[in-house]
């Protein structure tokens with residue numbers, strides 16, 4: 001739960017504070033309600049924690065964060081966590 | 001050093017390590033506390049103690065949410081799970097934390113409906129799709145995680161979901177640091193400050209530590225180079241007789257924190273008068289509870305939880321390890337009765353707990369250090 005996971009914004013939802021993000025090939029919706037309105041746009045990078053964007057980062061920082069997760073052996077856990085975010089996915 | 005070599009900046013790391021040796025006065029002992037469990041994990045994983053001179057001791061702090069949660073609160077949460085028609089949801093880290101009657105995972109195996117979630121919003125979704133059940137989210141975490149719980153509660157209110165509640169165990173890091181500074185058996189010369197917590201709180205909350213206690217605080221990133229640089233910045237302050245709050249993790253941490261997140265916290269939560277921490281005891285104004293406006297979502301108000309204080313398992317010295325008085329291998333149960341497969345105490349559960357990190361990465365050195 002203490003992971004901070006870098007992801008790239010693919011799309012911003014119209015009605016809710018949600019962004020579709022890509023994390024290592026897995027795409028999920030995350031909540032962007034903890035960022036200022038209009039802070040992120042498609043193509044931007046964010047740091048994700050328990051389904052929420054914590055901060056906007058640049059691409060270099062995203063790469064650094066990925067490298068760190070890999071070095072900590074936590075990159076698999078990070079993908080597993082993102083894959084588990086089901087709160088804004090269509091019902092199975 | 002094994003893992004440090006994997007980093008592209010291994011050369012820079014050696015350079016910083018040499019500067020640390022130069023900056024450290026060989027005639028004195030330095031005790032530096034890394035507050036955050038993420039730093040503890042990184043320090044062991046990368047073998048950073050091996051590049052530090054022997055007179056710099058790293059003391060592992062209380063910044064691991066499952067580690068500081070006392071057994072009584074685990075029991076309270078599991079008492080909620082034992083109610084009829086209740087689904088208890090929690091993060092994966094919680095699933096293996098032992099309560100008096102077992103871990104959430106064991107209780108689940110015995111029939112309780114306990115589900116792991118990756119986000120509090122997933123717990124809310126489970127509530128929305130199970131209207132005949134009550135869904136409680138066992139919330140843990142520091143300021144990094146608490147805003148997510150706050151927004152989830154606001155969302156539940158907005159959607160009019162009435163079968164959802166939060167068993168709130170969110171804690172705040174600064175009162176714990178103050179308790180450590182006030183503890184007579186602790187002597188800490190400086191703090192490596194938490195990274196992601198500070199991205200929410202900013203750096204100002206640490207200013208009293210420099211001002212009133214005269215100790216440097218350096219908010220740090222999580223890469224080996226970040227942690228070593230932060231230690232160097234602390235040594236330089238000590239050498240110059242200064243005490244300031246410095247921000248080594250500027251790339252993520254704004255000095256003023258994250259205003260929307262702080263607003264969400266202020267809207268939903270209030271400080272509890274006191275809260276029990278494993279190892280540190282009761283600390284005043286150190287935890288968050290739901291404001292009365294949100295009483296309908298407050299599991300402690302909806303369910304009459306036992307609220308019993310439970311001592312650590314016999315022989316386990318989690319408290320002493322958590323305060324940094326003992327090193328993990330100095331605990332009587334370390335590596336024998338208490339191990340990652342069968343954790344007796346929470347510090348052996350989470351990868352950010354000092355005992356689990358020590359067990360995983362530093363066991364070979366334990367004979368020398370213990």
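No value in this document is a laboratory result; all are computed from the given coordinates. Since the model is a prediction, treat every value here as computed from it, not as a measurement. Glycine gets a Cβ as well: all are built from the backbone with ideal geometry, and neighbour counts include every protein chain shown.
Taken over chain B, the convex hull of the Cα atoms encloses 139 Å³ per residue. Please find, in a Gaussian network model of chain A (springs between Cα atoms separated by less than 10 Å), the residue of A:53, A:41, A:71 whose mean-square fluctuation is greatest. Among A:53, A:41, A:71, the largest GNM mean-square fluctuation belongs to A:71. Reported to the nearest whole Å, the Cα centre-to-centre distance from the stretch B:174-230 to the stretch B:238-285 is 9. Considering only B:344, B:325, B:97, the mean-square fluctuation computed in a Gaussian network model of chain B, springs between alpha carbons under 10 angstrom, is largest for B:325.
The label point for residue B:320 and the one for residue B:50, both projected 7 Å from the Cα toward the Cβ, are 2.8 nm apart.
Computed from Cα positions, the angle between helix A:59-71 and the longest principal axis of chain A comes to roughly 50 degrees. With 5 Å bins beginning at zero, the pair-distance distribution over Cα atoms of the stretch A:5-56 amounts to 5, 25, 42, 23, 5, 0 %.
With the cut-off at under 19 Å, measuring from each backbone N in the stretch B:211-227 to a point 7 Å along the Cα-to-Cβ line of residue A:63 picks out B:222-226. The ranking of B:277, B:255 by Cβ neighbour count inside 10 Å, starting from the fewest, reads B:255, B:277. The distance from the alpha carbon centre of the stretch A:18-33 to that of the stretch B:59-127 is 26 Å, rounded to a whole number. Rounded to the nearest 0.05, the FRET efficiency derived from the C-beta distance between residue A:26 and residue B:14 at R0 = 41 Å is 0.65. With Cα atoms defining each centre, the stretch A:58-92 and the stretch B:320-355 are spaced 28 Å apart in the structure. With r as the distance between the Cβ atoms of residue B:310 and residue B:57 and R0 = 51 Å, compute the FRET efficiency 1/(1 + (r/R0)^6) and round to 0.05. After rounding to 0.05, the efficiency reads 0.95. Each label was represented as a point 7 Å from its Cα along the Cα-to-Cβ direction; for residue B:342 and residue B:295 these points are 4.6 nm apart.
For a modelled paramagnetic label at residue B:330, 7 Å from Cα along Cα-to-Cβ, the residues of the stretch B:62-105 in reach, with backbone nitrogen under 19 Å, are B:62-63. Could you identify which residue out of B:99, B:61, B:214 has the top mean-square fluctuation in a GNM of chain B using Cα springs shorter than 10 Å? Among B:99, B:61, B:214, the largest mean-square fluctuation in the Gaussian network model of chain B belongs to B:214. Sorting B:129, B:198 from the fewest to the most surrounding beta carbons within 10 angstrom yields B:129, B:198.
Each of B:22, A:67 was scored by other Cβ atoms within 10 Å of its Cβ. Arranged with the fewest first, they read B:22, A:67. The residue B:187 and residue B:250 beta-carbon pair, evaluated with R₀ = 35 Å, returns a calculated FRET efficiency of approximately 0.75.
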